[in-house]
């Protein structure tokens, strides 16, 4: 049996005939508050999910960049002996490498940041501490004409 109102019309039919102004509406202030909360949450999430410092770079990438920068500085310095640069002179021969080795070791320590250690490798010899096992390393190689100089760097 259907419910009827005092006028005798079924209640379901009366709801369908209700004017549009009588229908329930969502409050505008509630919509504004929800949009504002979503905006604030998206800004906070952006700060939380983006790593601090250098976003999107790995330790190896940073070390590779450090090695390349240090090689560029060492390549621009005048040699102790003869040659275009300190690295080019070290590539001439074993004797020339022996002349440049102390200056290379000294400048390598000065060029690299405090917590970074490095090792210069040429076909005629190496300068710097041996790399410890199990640490991330960066590497850069610079062709000098007579040989390629490789610098490996790591954090300690």
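Remarks
Conditions (1) assigned to a helix (DSSP H, G or I); (2) closer than 23 Å to residue 141 by Cβ, marked per residue:
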| site | (1), (2) |
| --- | --- |
| 30 | yes, no |
| 44 | yes, no |
| 48 | yes, no |
| 77 | no, yes |
| 105 | yes, yes |
| 113 | no, yes |
| 126 | no, yes |
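- The set of residues from segment 128-143 being over 19 Å from the mean Cα position of the chain (by Cα), closer than 20 Å to residue 65 by Cβ and not in a strand (DSSP E or B) comprises just one member, 131.
- On the stretch given as segment 144-156, residues that are at pLDDT below 90 and either assigned to a strand (DSSP E or B) or within 18 Å of residue 73 (Cβ to Cβ) (or both) total 2.
The values are calculated or read from the model by the stated rules, or taken from the named source; none is laboratory data. Note that the coordinates shown come from a computational prediction; the quantities given were computed from them, not determined experimentally. Heads up, the Cβs are rebuilt from the backbone with ideal geometry, glycines too, and the neighbour counts pull from every protein chain shown.
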